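The values are calculated or read from the model by the stated rules, or taken from the named source; none is laboratory data. All figures in this text were calculated on a predicted structure; none of them were measured in a lab. Because the Cβ atoms are built from the backbone with ideal geometry, glycine has one as well, and the counts that use them run over all protein chains shown.
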Amino acid sequence: MSKLIQVEHLKQYFPVAGGKLFENRVVKAVDDVSFYIEKGETLGLVGESGCGKTTTGRTLLRLYEPTSGRIVYDGKPIFDSGDVPLTDENGEPQKDAAGRAVCGPKTVVNMMPYRRRMQIVFQDPYASLDPRMTVGDIIGEAIDIHKLCKSKQERHDRIIEMLRRVGLNSEHANRYPHEFSGGQRQRVGIARALAVDPEFIVCDEPISALDVSIQAQVVNMFEELQEQMGLTYLFIAHDLSVVKHISNRIGVMYLGKLVELADSSELTFHSVHPYTRSLISAIPVADPRLSRTRQRIVLEGDVPSPVNPPSGCRFRTRCPYATERCAQEEPAFRVVSPGHYAACHNLEQVK
Ligand code: SF4
């Protein structure tokens, strides 16, 4: 497989408005995050609310303009702040004749040609659909923006085909969003994303607002669509038990940082970062014999403010393994084993 998306040293800072306490401060929503997504794979992104996973998804689509970093889509930079060293195929920084790191040119491309190829399914199916438009018009609007159909008949056929793909039918095209259940509305949101024939979809907590009974159906539908259409997903969720089923690899975020990234089963059974361990220990186990032997790791305290994050390792205020070094030095995101990365000074001590 080849890389469809590369995100390098991505930062997304937001200014904090109002309040003397926060004057001239920024929220470091995403802070120096790097990862790639291969064509046809699903990368899961998990973490607590406010950890930066939704901002990461929206920033790589450039729905938010990045503060700095580089985003490469299908081999072409769609954003480059011009101060991030280029790397070779082994991930090593490229150097010029004088041994200095080489950066790419500052690049901010027009995203219109990419909007068709890169789509998003939003979390809230109630808020993401215009209540004044019929479902047919909602899907048709996306087709019209990208001028994908030459005739009304072709447009109509395409709308019906998209509804069929998500388990709805032609009768649904003339109805309004309020006439649908939550699960059906999310299917409409997915049909709208599919209508422009995308390659890549950011699935931004697409099942969080749905009944538990509907969640599995929608997850299965995402998997079937991926197989039929060769789609690539960034699947964002706070529930690791859902993400591990649909993802090939999983990244774990905490307070704007990526703290661990690995193959889905490697992360589930051999995670090394204390934060990931705590998330995995919170997944309910059906077998009571296993739940007796598995130790639940309960984190103390709340997630600190991203306006004023802790020095060194951002997880140190809640980490049972924190040492003096953790307060002084930020841990590097380093290789644990092939394809498995984690940011922690004390991996050898984590049990
Ligand atoms: Fe915990 Fe220190 Fe590792 Fe951070 S670097 S996760 S504080 S042990």
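Taken over the stretch 190-205, the criterion of being in contact with a helix residue (DSSP H, G or I) (Cβ under 6 Å, 6 or more places away or on another chain) and not charged (D, E, K, R) is satisfied by A191, L194, A195, V196, I201, V202. Considering the conditions (1) under 21 Å from P206 (Cα atoms); (2) touching a Phe, Trp or Tyr at 6+ places or on another chain (Cβ under 8 Å), T107 is excluded by exactly one of them, (1).
With respect to the stated conditions, A282 is more than 16 Å from the ligand (Cβ to nearest atom), within 24 Å of the chain's Cα centre (by Cα) and among the small types (G, A, S).
Given the condition within 11 Å of the ligand (Cβ to nearest atom), under 22 Å from the mean Cα position of the chain (by Cα), among the acidic types (D, E) and buried (at least 16 other Cβ atoms within 10 Å of the Cβ), answer yes or no: does some residue in the stretch 263-277 qualify? No, the conditions are met nowhere in the stretch 263-277. Scanning the stretch 297-309 for residues that are without any contact (Cβ under 8 Å) to a residue 60 or more places away in the chain and within 24 Å of the chain's Cα centre (by Cα) yields L299, D302, P304, S305. Within the stretch 242-266, the residues that satisfy the criterion of being polar (S, T, N, Q) and in contact (Cβ under 8 Å) with a residue 24 or more places away in the chain are S247, N248, S264. Here is a check on your reading of the model: is D137 part of a helix (DSSP H, G or I) and either of a type in the set (K, R) or surrounded by fewer than 14 Cβ atoms within 10 Å (Cβ to Cβ) (or both)? No. Of all residues in the stretch 150-170, exactly one satisfies the criterion of being assigned to a helix (DSSP H, G or I) and among the hydroxyl-bearing types (S, T, Y), namely S170. Close Cβ contacts (under 8 Å, 6 or more residues apart or on different chains) running from residues in the stretch 164-177 that are closer than 17 Å to Y126 by Cβ to residues that are at pLDDT 95 or above and among the hydroxyl-bearing types (S, T, Y) comprise R175/T134; Y176/T134.
For the stretch 242-255, filtered to residues that are of a type outside the set (A, V, I, L, M, F, W, C) and within 16 Å of the ligand (Cβ to nearest atom), the residue that is farthest from L45 (Cα to Cα) is Y254.
Checking each residue in the stretch 307-337 for being near the ligand (Cβ under 8 Å from one of its atoms) and closer than 15 Å to L347 by Cβ picks out C313, F315, R316, C319, P320, Y321, A322, T323, R325, C326, P331.
Residues being surrounded by 18 or more Cβ atoms within 10 Å (Cβ to Cβ) and either over 28 Å from G40 (Cβ atoms) or at pLDDT 95 or above (or both) are entirely absent from the stretch 99-106. Scanning the stretch 70-110 for residues that are closer than 20 Å to R58 by Cβ and in contact (Cβ under 8 Å) with a residue 60 or more places away in the chain yields a count of 6. Going through (1) more than 20 Å from M1 (Cα to Cα); (2) more than 16 Å from the ligand (Cβ to nearest atom) one by one, L258 falls short only on (2).
Residues in the stretch 311-338 that are within 23 Å of R296 (Cβ to Cβ) and among the aromatic types (F, W, Y): F315, Y321. So I297 fits all but one of (1) of a type in the set (A, V, I, L, M, F, W, C); (2) in a loop (DSSP other than H, G, I, E, B); (3) within 10 Å of the ligand (Cβ to nearest atom); (4) in contact with a Pro (Cβ under 9 Å, 6 or more places away or on another chain); what number is the exception? Looking at each condition in turn, I297 falls short on (3).
Among the residues of the stretch 338-351, which ones are near the ligand (Cβ under 8 Å from one of its atoms) and in contact (Cβ under 8 Å) with a residue 40 or more places away in the chain? Within the stretch 338-351, A343, C344, L347, V350 meet the criteria.
Quick check on my filter: what residues within the stretch 121-173 are in contact with a Cys (Cβ under 8 Å, 6 or more places away or on another chain) and of a type in the set (A, V, I, L, M, F, W, C)?
Residues satisfying the conditions are V121, I143.
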